Amino acid sequence: MKHRPISEQLYSEALQHIVGGVNSPSRSYRAVGGGAPVFMKRAQGAYFWDEDGHQYIDYLAAYGPIITGHAHPHITEAIIRAAQNGTLYGTPTELEITLAKMLKDAIPSMDKVRFVNSGTEAVMTTIRVARAYTKRNKIIKFAGCYHGHSDLVLVAAGSGPATLGIPDSAGIPISIAQEVITVPFNDLPALQTALERYGDDIAAVMVEPIVGNFGMVMPHEGYLEGVCKLARAVGALVVYDEVISAFRFHYGSAQTFNVFPDFQAIEPDLTALGKIIGGGLPIGAYGGRKEIMEQVAPLGPAYQAGTMAGNPASISAGIACLEVLQQPGLYEQMDRLTSKLAVGLRQLAKQHDIPLTVNQIVGSLSTYFCDHPVTNYDEALSSDGEQFARFFKLMLEQGINLAPSKYEAWFMTIAHTDNDIDATLEAADYAFGKINNN
Ligand code: PMP
């Protein structure tokens with residue numbers, strides 16, 4: 001058992017001053033049995049060092065953005081240069097044009113782009129713009145998909161046929177939640193039923209083209225094409241939330257990722273971005289078809305603004321991050337390592353007689369303690385949370401830092417090595433053995 005007296009001490013202090021001791025609820029260990037979260041002091045490449053001096057291999061990657069590994073020198077230099085030139089202007093800069101062009105080149109469905117400060121803001125604004133453009137109010141989202149914490153998308157997942165929304169958070173009026181219809185992912189008939197019932201009122205269908213929020217889940221072949229066809233048939237826009245997926249699987253986004261023959265043929269009307277495109281600094285962006293984006297102020301009636309939006313530090317870090325990702329071979333390397341990890345985890349679980357489903361997509365994977373495939377939220381829900389919690393703690397004790405939730409993905413970076421994967425599999429072997437003995 002690792003002793004972490006400094007983390008314990010900092011946590012009790014944090015609890016006195018910061019609500020719940022954390023600045024985002026996913027950082028708390030409540031979902032894995034509680035206790036003090038590890039307070040990290042430093043990160044470099046694929047590693048973390050905590051306040052008590054322990055080293056960890058990091059698979060959290062800050063919930064996705066840190067694809068280059070921590071403190072990548074090219075990004076660090078860009079941030080220092082930006083800071084030396086002043087971090088915030090409140091005027092346009094050439095840097096913003098550079099990053100906008102890089103995004104447009106990589107994601108051609110975005111004729112026009114606007115930078116914001118988080119994925120939440122990006123998604124929230126795509127909804128406003130879709131409503132302004134279609135002059136309709138309702139949206140459809142998919143059960144279990146997280147789209148940030150704005151009112152409209154914080155609606156509980158319901159299984160079965162389309163259900164009218166119930167807010168997932170106090171403080172959201174039921175009148176707002178009623179504007180959201182939730183249907184199961186990977187289920188076209190359910191979407192069709194919802195669209196038959198509410199089609200004329202639907203401004204947008206909001207979807208993560210490859211899901212990252214109940215683990216990593218691929219759409220069935222032809223599913224996204226079906227979503228787009230059904231939505232467009234009733235005059236609704238299609239919004240892709242690519243906050244996790246953009247630049248995670250290749251240099252581009254899920255909509256430009258050639259997983260199925262039909263995949264690239266499908267272009268959303270609007271796309272929301274965040275995470276990786278800021279290279280580890282706060283950012284979000286949204287973009288889409290010109291005539292839709294022209295709804296946005298100052299050209300159109302949909303208002304959206306931001307004091308910090310497009311700040312030179314975030315934009316510089318984003319440009320530097322994308323420059324790093326343009327180097328050949330990086331995604332292939334992440335794919336190879338993640339696949340080795342996925343195969344190894346499946347084999348070890350089998351040896352220890354532990355039901356485990358591992359979904360892997362290039363440099364991301366998720367583990368579900370269950371004996372069935374996971375293709376939608378209900379299947380993810382039914383995986384064993386207590387077993388995951390034991391696994392999480394046993395891995396942490398051995399210096400492997402995972403997200404403290406059975407729903408979160410493991411993310412690979414370009415800094416991880418074969419040695420890291422070998423060490424992780426060794427730790428998993430031990431953890432699976434212990435889980436079984438409990
Ligand atoms: N959309 C998706 C798909 C996300 O995964 C997240 C964050 N995990 C968000 C939106 C919200 O982004 P942010 O935390 O930057 O507000």
Quiz prompt | Within segment 415-438, considering residues that are touching a Leu at 6+ places or on another chain (Cβ under 9 Å) and either among the aromatic types (Phe, Trp, Tyr) or farther than 15 Å from GLN347 by Cβ (or both), the one surrounded by the fewest Cβ atoms within 10 Å (Cβ to Cβ) | solution = ASP418
Quiz prompt | Check on GLY35, surrounded by 12 or more Cβ atoms within 10 Å (Cβ to Cβ), assigned by TED's automatic domain parsing to the domain that holds PRO404 and within 24 Å of the chain's Cα centre (by Cα) | solution = no
Practice problem: Determine whether segment 105-123 contains at least one residue that is in a helix (DSSP H, G or I), touching an Asp or Glu at 6+ places or on another chain (Cβ under 6 Å) and within 16 Å of the ligand (Cβ to nearest atom). | Solution: yes
Quiz item: Going through segment 130-147 one residue at a time, which ones are basic (Lys, Arg) and either within 16 Å of the ligand (Cβ to nearest atom) or assigned by TED's automatic domain parsing to the domain that holds ALA380 (or both)?
Solution: LYS141
Practice problem: May I ask you to list the residues in segment 288-323 that are small (Gly, Ala, Ser), surrounded by 17 or more Cβ atoms within 10 Å (Cβ to Cβ), more than 14 Å from the ligand (Cβ to nearest atom) and assigned to a loop (DSSP other than H, G, I, E, B)? | Solution: GLY310
Self-check item: Long-range neighbours under 7 Å by Cβ, at least six apart or interchain, first residue under 17 Å from PRO209 (Cβ atoms) within segment 177-192, second in a helix (DSSP H, G or I) and of a type in the set (Val, Ile, Thr)
Solution: LEU191/VAL227
Self-check item: Options ALA317, ALA313, ALA305; residue that is aliphatic (A, V, I, L, M), free of Cβ contacts under 8 Å to residues at least 12 places away in the same chain and not assigned by TED's automatic domain parsing to the domain that holds LEU425
Solution: ALA305
Quiz item: Is it fair to say TYR29 is under 23 Å from the mean Cα position of the chain (by Cα), among the aromatic types (Phe, Trp, Tyr) and crowded, with 21+ Cβ neighbours inside 10 Å?
Solution: no
Quiz item: Do we have any residue at all in segment 361-374 that's touching a residue at least 24 places away in the same chain (Cβ under 8 Å), part of a helix (DSSP H, G or I) and either closer than 29 Å to ALA78 by Cβ or over 21 Å from the mean Cα position of the chain (by Cα) (or both)?
Solution: no
Quiz item: How many residues, within segment 250-287, are more than 16 Å from the ligand (Cβ to nearest atom) and either of a type outside the set (A, V, I, L, M) or out of contact with any helix residue (DSSP H, G or I) (no Cβ under 6 Å at 6 or more places or on another chain) (or both)?
Solution: 14
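The values are calculated or read from the model by the stated rules, or taken from the named source; none is laboratory data. Values in this document were obtained by computation on a predicted structure and should not be read as measured data. Reconstructed Cβ throughout: ideal geometry from the backbone, glycine too, with neighbour counts over all protein chains shown.
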